[in-house]
1. Any residue in the stretch 93-111 that's closer than 18 Å to residue 146 by Cβ: show its pairings with residues that are among the hydroxyl-bearing types (Ser, Thr, Tyr) at Cβ separation under 8 Å, as long as the two are six or more apart or on different chains.
2. With the requirement that a residue be open to solvent by 20 Å² or more (accessible area, probe 1.4 Å), more than 6 Å from the ligand (Cβ to nearest atom) and part of a helix (DSSP H, G or I), what does the stretch 148-173 give you?
3. Which of (1) out of contact with any Phe, Trp or Tyr (no Cβ under 8 Å at 6 or more places or on another chain); (2) at negative phi is the odd one out, the single condition residue 207 does not satisfy?
4. Do any helices (runs of 4 or more DSSP H) lying entirely in the stretch 1-117 carry at least 2 residues that are touching a helix residue (DSSP H, G or I) at 6+ places or on another chain (Cβ under 8 Å) and under 19 Å from residue 224 (Cα atoms), and which ones are they?
5. Would it be correct to say that residue 177 is under 19 Å from residue 37 (Cβ atoms), within 16 Å of the ligand (Cβ to nearest atom), of a type outside the set (D, E, K, R) and part of a helix (DSSP H, G or I)?
6. Given (1) surrounded by 13 or more Cβ atoms within 10 Å (Cβ to Cβ); (2) over 18 Å from residue 162 (Cα atoms), identify the lone condition not met by residue 90.
7. Quick test of your reading of the structure: residue 145 fulfils all but one of (1) within 24 Å of residue 55 (Cα to Cα); (2) at pLDDT 95 or above; (3) in a loop (DSSP other than H, G, I, E, B). Name the failing condition by number.
8. Here's a check for you: in the stretch 20-70, which residue that is surrounded by 15 or more Cβ atoms within 10 Å (Cβ to Cβ) and basic (Lys, Arg) is nearest to the ligand (Cβ to nearest atom)?
Amino acid sequence: MRTPPNRIHLVLRIDGEAVPVSAPRPPLRARLDELLPAQRAVDNAAIDHAVRKAAAAGKQVTCAKGCSACCRAQPVPVTPAEAYALLRLVEALPAARREQVEARFDDRVQRLRGAGLADLLLDRADDLDAERARGLALAYFKLGLVCPFLAEDACSIHPQRPFVCRQYLVSSDPALCADPFANHAEVIPMPLHAATAALAISETAYGRAQHSVPLTLALEYARSHRAELERQFDAEPLFRQWLGAL
Ligand code: SF4
């Protein structure tokens, strides 16, 4: 029997331009988090395109290693599959590092519980309107919870960082990112919505409404939904659905 090639080659159409992508092929049967390497390759190509387009319009990305303003207090939303990928990543760390990262997560969870926010964010109401969502985000922001993966002002999981971390790029003064509720940072527009499309395929796969959770609650969420997140599916139809939903 012929072995399927281990890479997928596809072409995205963005703003009328052809954007080629080479992505690792997911296993035939896969958990949703096992689609992430292919999804990240597609997302990266779309982001590169957006950055090139912005540069052509005179807008350079001002994000750089050493600037971690957006990792320091903002509620970074992750999809259920990303939450499970992060749990698996932490569980695979060497013992000392794992203990350190888990302690940081525990600290953030306790502070969210103390503020009465953890359950609201873990089990978000389906009818949460924009105003209440903003109120929750602001209450979260005021806690100043630094991402547990931030190390010496750099992302310690850079290749595996969530969609939202990849896509959030600004062309304005990085100092403005310290308080996005008070300042207006100029964000590079992204042509694809990788996380929203990932939530859509989660709904198809698990047969119930899905929502993102702040990264600081990712381990909590993934541990309590492990059985669901361990389920395997035929990967190709879900990956195609994700591409279609972008
Ligand atoms: S995962 Fe990395 S990029 Fe995203 S908030 Fe955490 S440290 Fe920052």
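The values are calculated or read from the model by the stated rules, or taken from the named source; none is laboratory data. What you see is a predicted model; the values in this text were computed from it and never measured. Cβ atoms come from the backbone with ideal geometry, glycine included; neighbour counts cover every protein chain shown. What goes into the accessible areas is simple: the full protein's heavy atoms, side chains included, and nothing from ligands, DNA or RNA. Shrake-Rupley method; radii C 1.70, N 1.55, O 1.52, S 1.80 Å.
1. Sorted first by the residue in the stretch 93-111, then by its partner, the pairs are 105/216; 108/216; 109/216.
2. Passing the criteria: 158, 159, 160, 164, 167.
3. Looking at each condition in turn, residue 207 falls short on (2).
4. Because the criterion is at least 2 residues that are touching a helix residue (DSSP H, G or I) at 6+ places or on another chain (Cβ under 8 Å) and under 19 Å from residue 224 (Cα atoms), the helices (runs of 4 or more DSSP H) in the stretch 1-117 that meet it are 80-91, 95-114.
5. No; evaluated as a whole, the condition is false for this residue.
6. Going through the list (1) surrounded by 13 or more Cβ atoms within 10 Å (Cβ to Cβ); (2) over 18 Å from residue 162 (Cα atoms), residue 90 breaks only (2).
7. Every listed condition holds for residue 145 apart from (1).
8. 40
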